Amino acid sequence: MNREIKFRAWDESQKYMAYQGTPDLETIQSFIHHFGDKVLMQFTGLIDKNGKEVYEGDIIKGKTFSGKENISYVIYDNNYGCWQLQTVGNKPLSFPIKSFNKELEIIGNIYENSDLLKYPKK
């Protein structure tokens, strides 16, 4: 199995998202050395419909194979050992990320765009 292992990190104090691969942060070891005390998020191996890499913590707009559209955020579920999309709403649910079709679109992330996770009250 060949998959790319990459990370990004959220620096809360500077409100800055750093991505592995930026100049002088090419290797995982170097990246962890510089940002290991920050919130680390792993690349899922998936690409959204616009060609953007999907990371843990991304906020996604998409449709399930049944056609239901929703907004979710990416988590890793240790119990099931897979990437999941945590839905936003009155009854939050988790779905394996592969249960969504290819039309996933990143619309933000949980650190810089948390307002996107607010569910409107009726």
Return the residue satisfying two criteria in turn: it lies in the stretch 70-117 and is at pLDDT below 80 and of a type in the set (D, E, K, R), and of such residues it is farthest from residue 42 (Cα to Cα). 91
Any residue that is within 24 Å of residue 11 (Cα to Cα), surrounded by fewer than 19 Cβ atoms within 10 Å (Cβ to Cβ) and touching a Pro at 6+ places or on another chain (Cβ under 9 Å) - is there at least one of those in the stretch 47-68? no
Could you please tell me which pairs satisfy a Cβ distance under 6 Å, a separation of 6+ or placement on different chains, a first residue in the stretch 1-30 that is open to solvent by less than 100 Å² (accessible area, probe 1.4 Å), and a second residue that is among the acidic types (Asp, Glu) and modelled with pLDDT under 85? none
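The values are calculated or read from the model by the stated rules, or taken from the named source; none is laboratory data. Computed from a prediction, not measured in an experiment: that's the story for all the values here. For neighbour counting, all protein chains shown are included, and Cβ atoms are generated from backbone atoms with ideal geometry for every residue, glycine included. When the accessible area is computed, the model is the full protein with side chains, heavy atoms only, and any ligands, DNA or RNA have been set aside. Shrake-Rupley method; radii C 1.70, N 1.55, O 1.52, S 1.80 Å.
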